[in-house]
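The structure under discussion appears below in the form of structure tokens.
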């Protein structure tokens, strides 16, 4: 993210289990941070920026899982490969109650 870009959603350092499918590969990891618009996650293999992915977020504390489409908006070159994952609008709406189940009544959108 450069100096002129702004996130629409607040990110929190919160761990949730994430299953991520990309290009015929499946990975299971934990989020490094999470917001309604996306998350950061590390996977053991390279995934290219722009790759469409399917994600499933779970946590015992959150109850119901969240799953759906997302895309990789940035990726590190080193392994493990850290990914910036942007959720589809549909997934973003589902992540809000998921996050609040984990964190309580926290601001979700920037400026709230």
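The values are calculated or read from the model by the stated rules, or taken from the named source; none is laboratory data. Please read these numbers as outputs of a predicted model, since none were measured by experiment. Heads up, the Cβs are rebuilt from the backbone with ideal geometry, glycines too, and the neighbour counts pull from every protein chain shown.
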Quiz item: Got a number for residues in the stretch 65-85 being in contact with a helix residue (DSSP H, G or I) (Cβ under 9 Å, 6 or more places away or on another chain) and part of a strand (DSSP E or B)?
Solution: 5
Quiz item: Filtering the stretch 46-64 down to residues that are within 19 Å of residue 32 (Cβ to Cβ) and touching a helix residue (DSSP H, G or I) at 6+ places or on another chain (Cβ under 8 Å), which residue is surrounded by the fewest Cβ atoms within 10 Å (Cβ to Cβ)?
Solution: 61
Quiz item: Out of all the residues in the stretch 16-34, which are surrounded by fewer than 15 Cβ atoms within 10 Å (Cβ to Cβ), in a loop (DSSP other than H, G, I, E, B) and at pLDDT 95 or above?
Solution: none
Quiz prompt | Whichever residue in the stretch 87-98 is touching a strand residue (DSSP E or B) at 6+ places or on another chain (Cβ under 7 Å) and surrounded by fewer than 20 Cβ atoms within 10 Å (Cβ to Cβ) and, among such residues, is nearest to residue 53 (Cα to Cα) | solution = 88
Quiz prompt | Residues of the stretch 65-78 satisfying the condition of being loosely packed, with under 14 Cβ neighbours inside 10 Å and either closer than 14 Å to residue 34 by Cβ or out of contact with any strand residue (DSSP E or B) (no Cβ under 9 Å at 6 or more places or on another chain) (or both) | solution = 77, 78
